[in-house]
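Quick note: the coordinates plus some simple rules give every number you see, no bench work behind them. Please read these numbers as outputs of a predicted model, since none were measured by experiment. Note that each Cβ is placed from the backbone with ideal geometry, even for glycine, and that neighbours are counted across all protein chains shown.
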Amino acid sequence: MALRFTISCEELRRRYEDEGLGVVLLAQHYGCSPTTISQRLRACGITTRQSRFQSVSIPVEALHQLYMVERLPLQEIAQQFGVSVGTVRNHRRRAGMPARERGRK
C-alpha cells in the first residue's frame with residue numbers, strides 16, 4: 001500500500017512562500033517527490049514561482065542546417081543559441097535527426 005503524503009496547506013504555504021523553500025528542498029524534507037509537492041501546491045491554491053530555467057526554442061530548420069548540412073559540433077551550436085549541449089542534443093532527438101559518429105567529418 002502506498003504511503004499518503006499529508007501536509008497542511010498552511011504549513012506548505014508558510015514553508016514555500018514565507019521561508020522561500022523550493023519544491024526540491026521541500027520534497028527532500030518531507031521524503032517525497034518534487035512532483036508530489038508541486039501537485040500539493042496547486043491543490044492548496046499556492047501560485048508557484050517561475051522555474052529558473054526558461055524553455056528555449058531552437059528552430060528545426062536552423063538546427064538541421066547547422067548540424068546536418070554544416071556539420072558543426074553540438075558545442076558550437078549550443079554557443080550560438082546560448083544553451084547547453086544537452087539542450088541541443090534533446091532538440092536534435094525530438095527532430096528525428098540521427099547522431100553522427102564521433103570523430104568523423
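Per DSSP H run of at least 4 residues, take -39500 (n - 2.57); add these up for the chain, divide by its residues and hand me the 222 nm value, nearest 500 deg cm²/dmol. Please list the in-between numbers first.
Values: 6 runs with 46 residues, N = 105.
Result for the chain, helices only: -11500 deg cm²/dmol.
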**OP:** Measure off 7 Å from each Cα along the Cα-to-Cβ vector at residue 85 and residue 56, then give the distance between these two points in nanometres to one decimal.
**Re:** 1.4 nm
Original post:
For the pair residue 13 and residue 49, how long in nm is the line joining their label points, each one 7 Å along Cα→Cβ?
Top reply: 1.9 nm
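Taking 30 Å as R0, compute the FRET efficiency from the Cβ-Cβ separation of residue 36 and residue 95 and round it to 0.05.
0.40
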**OP:** For helix 85-94, report the angle its Cα long axis makes with the longest principal axis of the Cα atoms of the chain; keep it between 0 and 90° and round to the nearest 10°.
**Re:** 80 degrees
**OP:** Any chance you could give the angle, 0 to 90 degrees and rounded to 10, that helix 34-43 forms with the longest Cα principal axis of the chain?
**Re:** 60 degrees
**OP:** Treating only the Cβ atoms of Lys and Arg (+1) and Asp and Glu (-1) as charged, compute the dipole magnitude of the chain about its Cα centre; round to the nearest 20 debye.
**Re:** 460 debye
Original post:
How about the chain: what cysteines have no other cysteine beta carbon under 4.7 Å from their own?
Top reply: 32
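Quick one: in the chain, what % of C-alpha pairs are over 23 Å apart? Display every interim value, and only then the final one.
Numbers: 2753 of 5460 pairs.
Tail fraction, whole percent: 50.
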Original post:
Taking θ as phi - 60°, what are the ³J(HN,Hα) couplings along segment 65-72 by the Karplus curve (6.51, -1.76, 1.60), each to the nearest whole Hz, with x for Gly and Pro?
Top reply: 4, 6, 8, 8, 8, 7, 6, 6
